[in-house]
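Scroll down for the structure; my scribbles are underneath it.
The values are calculated or read from the model by the stated rules, or taken from the named source; none is laboratory data. What you see is a predicted model, and the numbers here were worked out from it, not measured in a lab. Please note: Cβ atoms are built from the backbone with ideal geometry, for glycine as well, and neighbour counts cover all protein chains shown. Note: accessible area is taken over every heavy atom of the protein model, side chains too, but ligands, DNA and RNA are not part of it. Shrake-Rupley method; radii C 1.70, N 1.55, O 1.52, S 1.80 Å.
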Amino acid sequence: MNALALISLLMLLFLLFFMMLFAGLQALVSRHTARARLQYVQDQRLDRKLSGWLSRLRPIHGHLHHLIEASQTRLSLGLFVMIVVLLMLLGMTAGGLFFRNAKGALLLSFMLGAMPYIVLRLRLIGLRLRNRLEFLPAVEVFYQYYRVSGSTNVKTALQVCMEENRILYPIKPVFDQLHRNLLTGREPEDCLRVFVMSLGHVWAEYFAGMLRVAISEGNDISDNMKELITDMRRAQRSDQAERNRLLEIRVANFTPILFLALFLAINVKINPDNSYLYYVLDPEGRNMILDALLLIFASFLMGIYLSMRRM
């Protein structure tokens, strides 16, 4: 097992050295400002190359791209992949050195490698909870401008809303992102998919479906939007109760970590020597800690899944 840990450590060091060397060469190239503006130079960046390689896997590439865009992070897809690879190598190295078996190396590598995706999911859930009660006022404002504009163009009504700042924070960036994506010539289906993913509830799906029909076929959707607003007003009380359940799930996600830390801290405080002997030197003790981390990680994933289903 020490050989596996040594190999993973060497891979991690080699990758870090390669990234530092690549960054240094990239800094030298970026001094030539005229050449740096060329699209060819931009495409030679390591994160761009990783993103291009991942684009061959269309379902995974599309899902990660939409997730990063919906969570409103500045990470590029290639940089996200680089962070995942580095954390996986770091987890394999730490697992091999501490647990000294293949199970520890592989499980810790998997858990650390999955952390960037989990962080994006948690950020997206937080944005959804923050925007949940603000969606109805935003739709009402858009409905007013849609009726004033003569019910002819969704993009025009959305543009007027953004220019006059009638849709307020915190939900304004979501509509601003939709407006910006539509103006840049992206496929309406792709833009609406990111919009729905940013909000994550059934009302957003209904609203996006109406916009899809209005954009593609040019139909008047004012009556449908009026019915949607009426239904959303009726469901507002139950929506507040659902927010409380989501908050309970998020709080419960962190309780196993607190209990494990409290349990270990008490044992170390009472008997440091035996705790070090059992938790660090004894293979059974290390295996128990690994199983506890795996169960906590699984419960964390289950909490995220339940939060997504409750949206």
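Mind telling me which of the residues GLY91, GLY62 ends up being surrounded by 16 or more Cβ atoms within 10 Å (Cβ to Cβ) and out of contact with any Phe, Trp or Tyr (no Cβ under 6 Å at 6 or more places or on another chain)?
GLY91
Restricting to the range 261-304, count the residues that are of a type in the set (Val, Ile, Thr) and open to solvent by 40 Å² or more (accessible area, probe 1.4 Å).
4
Could you list, in sequence order, the residues of the range 172-188 that are open to solvent by 20 Å² or more (accessible area, probe 1.4 Å) and either in contact (Cβ under 8 Å) with a residue 60 or more places away in the chain or under 14 Å from VAL154 (Cα atoms) (or both)?
Within the range 172-188, PRO173, ASP176, HIS179, ARG180, LEU183, PRO188 qualify.
Of LEU199, LEU168, which residue is aliphatic (A, V, I, L, M) and at pLDDT 85 or above?
Going through LEU199, LEU168 in turn, the sole match is LEU199.
List pairs: first in the range 287-305 and under 21 Å from MET92 (Cβ atoms), second small (Gly, Ala, Ser) and assigned to a helix (DSSP H, G or I), Cβ under 7 Å, 6+ apart or cross-chain?
LEU290/GLY104
Provide a single number: the residues in the range 140-169 that are open to solvent by 40 Å² or more (accessible area, probe 1.4 Å), within 17 Å of GLU217 (Cα to Cα) and assigned to a helix (DSSP H, G or I).
Number of matching residues: 2.
Report whether or not GLY78 is surrounded by fewer than 20 Cβ atoms within 10 Å (Cβ to Cβ), over 26 Å from LEU295 (Cα atoms) and of a type in the set (Gly, Ala, Ser).
yes
Only one of (1) open to solvent by 30 Å² or more (accessible area, probe 1.4 Å); (2) under 30 Å from CYS191 (Cβ atoms); (3) out of contact with any helix residue (DSSP H, G or I) (no Cβ under 7 Å at 6 or more places or on another chain) fails for ASN101. Which number is that?
Here ASN101 clears every test but (2).
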